[in-house]
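Report on one structure; see the data block that follows.
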Amino acid sequence: QVQLVESGGGLVQAGDSLRLSCAASGRTFSRYTMGWFRQAPGKEREFVATISWSGGGTYYADSVKGRFTISRDNAKNTVYLQMNSLKPEDTADYYCAGADTIRLYTTPGNYDYWGQGTQVTVSS
């Protein structure tokens, strides 16, 4: 069973950058599709980005495309989310998720494993 732990969140100003990290345990990490989701208070969990097991395929929500970059380092069992040009509307708890599949998914129900989240707050 895969365990995921996020880190890197914090309080920043609009226009700043953050890099989130998700450290994974488990021998099969390199074969997992990985994703980032976020959830603001009172809102549904929202898709942010996903990446294939090889790192060659990525997909982004329209709201973050051009600003965020998802990447992974399978040798380090880690997936990253580089967030640039942050906006107040990016404020949320960010969650890392993994799926034992070769598909790219944008819905939370398709992911098998979840981290505990890391908080990102962007002030105006």
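Considering only the stretch 36-72, how many residues are charged (D, E, K, R), buried (at least 20 other Cβ atoms within 10 Å of the Cβ) and in a loop (DSSP other than H, G, I, E, B)?
Qualifying residue count for the region: 0.
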Selected residue [within 18 Å of LEU18 (Cβ to Cβ) and assigned to a loop (DSSP other than H, G, I, E, B)] from LEU104, LEU81, LEU86: LEU86
message: Just to verify a result, which residue in the stretch 73-95, among those that are open to solvent by less than 30 Å² (accessible area, probe 1.4 Å) and without any contact (Cβ under 8 Å) to a residue 60 or more places away in the chain, is nearest to SER123 (Cα to Cα)?
response: ASP90
message: Consider the stretch 64-101. How many of its residues are of a type outside the set (Asp, Glu) and touching a helix residue (DSSP H, G or I) at 6+ places or on another chain (Cβ under 8 Å)?
response: 8
- prompt: touching a helix residue (DSSP H, G or I) at 6+ places or on another chain (Cβ under 9 Å) and farther than 20 Å from ALA75 by Cβ, is that true of ALA61?
  reply: no
- prompt: Based on what the data block shows, is SER30 in contact (Cβ under 8 Å) with a residue 40 or more places away in the chain, surrounded by 14 or more Cβ atoms within 10 Å (Cβ to Cβ) and within 13 Å of GLY98 (Cα to Cα)?
  reply: yes
- prompt: When the stretch 80-105 is examined, which residues are found to be farther than 14 Å from GLU46 by Cβ and at pLDDT below 95?
  reply: GLY98, ALA99, ASP100, THR101, ILE102, ARG103, LEU104
- request: For residues that are closer than 14 Å to THR91 by Cβ and among the β-branched types (Val, Ile, Thr), scanning just the stretch 1-57, find the one that is nearest to the chain's Cα centre (by Cα).
  value: VAL48
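The values are calculated or read from the model by the stated rules, or taken from the named source; none is laboratory data. For clarity, every value in this text was computed on a predicted model and none was experimentally measured. Heads up, the Cβs are rebuilt from the backbone with ideal geometry, glycines too, and the neighbour counts pull from every protein chain shown. Note: accessible area is taken over every heavy atom of the protein model, side chains too, but ligands, DNA and RNA are not part of it. Shrake-Rupley method; radii C 1.70, N 1.55, O 1.52, S 1.80 Å.
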